[in-house]
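Colleague: Can you read through this structure? Questions will come right after.
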Amino acid sequence: MRLAIIALLLAGTAAPALAQSDDQLPGRVDRLEKEMHAVQRKVFPGGNPEYFEPQITPAAPPAAAAGSPASSAISDLTGRVSALEQQVQQLTNQAEQNDHRLTVLEQQFAKLKGDTDYRLNTIEGGAGAAGAGATGAQGGPPPASGGGSPAPFAPQGRKPAAGRTGASADTMADEAGDAAPASAGPPPSIPPSSAAPEIAKTGDPAEDGYMLGYSLWTQKRYADAEAQLTQVVAKYPKSKRASYAQNLIGRSYLDDGQLSDAAKAFYASYKQFPRGDRAPDSLYYLGQTLARLKKNADACQAYGEFQDVYGATANATLKARVAQGRADAKCGA
């Protein structure tokens with residue numbers, strides 16, 4: 001049928017086409033092609049668009065049913081994403097504020113720690129000067145020179161109780177250190193020379209033993225304090241309090257006027273616990289004790305050891321006291 005229609009169209013236009021000039025042929029061919037396409041669409045409606053291209057492409061109908069929900073879903077997702085972005089921004093701001101507050105707290109804590117160390121060292125320095133004045137009546141002022149080394153000192157006999165100089169409340173605060181909060185419990189055993197002082201128990205036997213020795217020292221019960229602290233050092237050498245206990249043994253001997261024993265205790269504190277918290281203090285007190293024993297050369301050696309080992313890490317107050325000790329002992333540069 002399609003061929004018949006094409007033949008009719010060609011027959012109807014063949015005769016006039018012969019009479020036309022060559023200039024009219026392109027227009028006629030274009031018109032025939034359009035008409036052929038129209039016939040094809042009429043004869044074969046819904047034909048393959050690859051072969052029957054429509055002359056006018058109708059606009060696509062609006063997808064109302066599908067378009068409206070899609071647009072609403074996109075808007076909903078956009079709003080949810082915006083809300084999430086705002087929450088993330090708020091969390092970021094809060095994290096930055098918390099970080100700043102933490103930095104401020106760390107700075108304040110460091111400042112508080114430095115102030116506390118300075119005050120404790122100042123208190124201890126005042127107590128050391130008081131102890132020097134008290135023991136000066138027994139040992140006399142240190143001379144300009146001396147000899148020997150701190151290790152080979154022989155123990156001296158214990159002096160009567162009346163010769164004890166005592167410990168001031170300021171030095172007691174320094175030796176207490178950073179004792180942990182306490183809870184109730186039985187105190188460690190001490191020699192039965194008198195009733196044990198009441199102390200609270202922390203659950204750490206090394207801490208409890210040290211605090212008992214410290215309490216005895218504050219009560220000027222030096223013999224009991226020395227015995228108790230010696231037990232702490234022997235039983236808990238790995239504890240942080242071992243350095244404190246050994247140093248306080250020396251302080252107890254020093255306050256009791258036993259200078260030779262004090263020098264040996266301070267020397268042992270430095271040698272046994274060179275990384276302990278009280279090792280720098282032990283070297284300082286060793287120099288002070290040796291100077292009172294008229295062994296200025298040994299005192300200068302102790303001060304020099306302090307500068308070599310702890311000069312870069314010790315606090316400013318302790319370094320100033322060592323410098324004053326060197327000046328008092330007339331140590332060289």
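The values are calculated or read from the model by the stated rules, or taken from the named source; none is laboratory data. Everything quoted here is computed from the prediction, not taken from an experiment. Cβ: placed from backbone, ideal geometry, glycine included. Neighbour counts: every protein chain shown. Side chains are part of the model used for accessible areas, which takes the heavy atoms of the whole protein and leaves out ligands, DNA and RNA. Shrake-Rupley method; radii C 1.70, N 1.55, O 1.52, S 1.80 Å.
Colleague: With a 1.4 Å probe and every protein chain left in place, tell me how much accessible area Glu33 has, in Å² to the nearest 10.
Modeller: The accessible area of Glu33 comes to roughly 100 Å².
Colleague: Something else about it: For a distance above 21 Å, tell me the whole-number percent of Cα pairs in the range 215-333 that qualify.
Modeller: Numbers: 2455 of 7021 pairs.
So the pairs more than 21 Å apart make up 35 percent of the total in the range 215-333.
Colleague: Can you send over the solvent-accessible area of Leu293, 1.4 Å probe, protein chains only, in Å² to the nearest 10?
Modeller: 40
Colleague: Ordered by residue, what ³J(HN,Hα) values in Hz, to whole numbers, does the range 279-287 give under the Karplus form 6.51 cos²θ - 1.76 cosθ + 1.60, where θ = phi - 60° and Gly and Pro are x?
Modeller: Karplus values, whole Hz, x for Gly and Pro: 4, x, 5, 5, 5, 4, 5, 4, x.
Colleague: Across the range 222-333, how many lysine pairs, 8 or more positions apart or on different chains, have C-alpha atoms separated by under 17 Å? Please give the number. Could you put the intermediate results ahead of the total?
Modeller: Details: Lys238/Lys271; Lys240/Lys271; Lys264/Lys294; Lys264/Lys295; Lys294/Lys330; Lys295/Lys330; Lys319/Lys330.
Eligible lysine pairs with Cα atoms under 17 Å apart amount to 7.
Colleague: Then there is this: Taking θ = phi - 60°, what integer Hz values does the Karplus form 6.51 cos²θ - 1.76 cosθ + 1.60 yield along the range 207-221, in sequence order, with x for Gly and Pro?
Modeller: 5, 5, x, 5, 5, 5, x, 5, 4, 5, 5, 5, 8, 6, 8
Colleague: How high is the FRET efficiency from Ala327 to Asp117, r the C-beta distance, R0 22 Å, rounded to 0.05?
Modeller: Values: r = 23 Å, r/R0 = 1.05.
Approximately 0.40, to the nearest 0.05.
Colleague: Oh, and also: In the range 270-333, with Lys and Arg counted as +1 and Asp and Glu as -1 at Cβ, which of these residues, Ala312, Ala297, Ala323, has the Cα nearest the positive end of the dipole, that is, farthest along it?
Modeller: Ala297
Colleague: Please compute the length gained on full extension between Val39 and Ser72, using 0.36 nm multiplied by the number of residues separating them and subtracting their Cα-Cα distance. Intermediate results must be reported in sequence, preceding the final value.
Modeller: Working: separation 33, 0.36 × 33 = 11.88 nm, distance 4.49 nm.
Gain in length upon complete extension: 7.4 nm.
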